[in-house]
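To start, the structure itself, in structure tokens.
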Amino acid sequence: MELDLEGASLKAVLNRLRRAQGQISGVIRMIEEGRDCEDVVTQLAAASRALDRAGFAIIATGLEQCVIDIESGRKNGEDSQAMRARLEKLFLSLA
């Protein structure tokens, strides 16, 4: 399945990923500076949440596209069982 995010969906995902990138850079800097463990873990948790939200947004968009594909006649001849298995695998990879 190709990633086909458009408009606001794409912008929101990219913003989350950029935020996570900045937070991860912050975590690295905090560790290098010997900052307090609690502060480092708090920042790391924020980065993790940003990545999770971006992943779920991508999967949600993929699910929407799959529904559209099913309604318009499946692309690439993939049956519904194969599509479901692939989406389940993607979803569980974020769990």
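If you take the residues in region 9-31 that are polar (S, T, N, Q) and surrounded by fewer than 17 Cβ atoms within 10 Å (Cβ to Cβ), which one is nearest to Ala47 (Cα to Cα)? It comes out as Gln21. Among residues of region 37-48 that are closer than 14 Å to Arg16 by Cα, those with a beta-carbon under 7 Å from a residue that is of a type in the set (Gly, Ala, Ser) and crowded, with 16+ Cβ neighbours inside 10 Å at least six positions away or on a different chain give the pairs Ala47/Ala20. Per the conditions (1) among the polar types (S, T, N, Q); (2) modelled with pLDDT under 80; (3) under 22 Å from Asn15 (Cβ atoms), the sole criterion not satisfied by Ser48 is (2).
The values are calculated or read from the model by the stated rules, or taken from the named source; none is laboratory data. Predicted model only: the values in this text are computed from it and were never measured. Cβ sites come from the backbone with ideal geometry, for glycine too, and all protein chains shown count toward neighbours.
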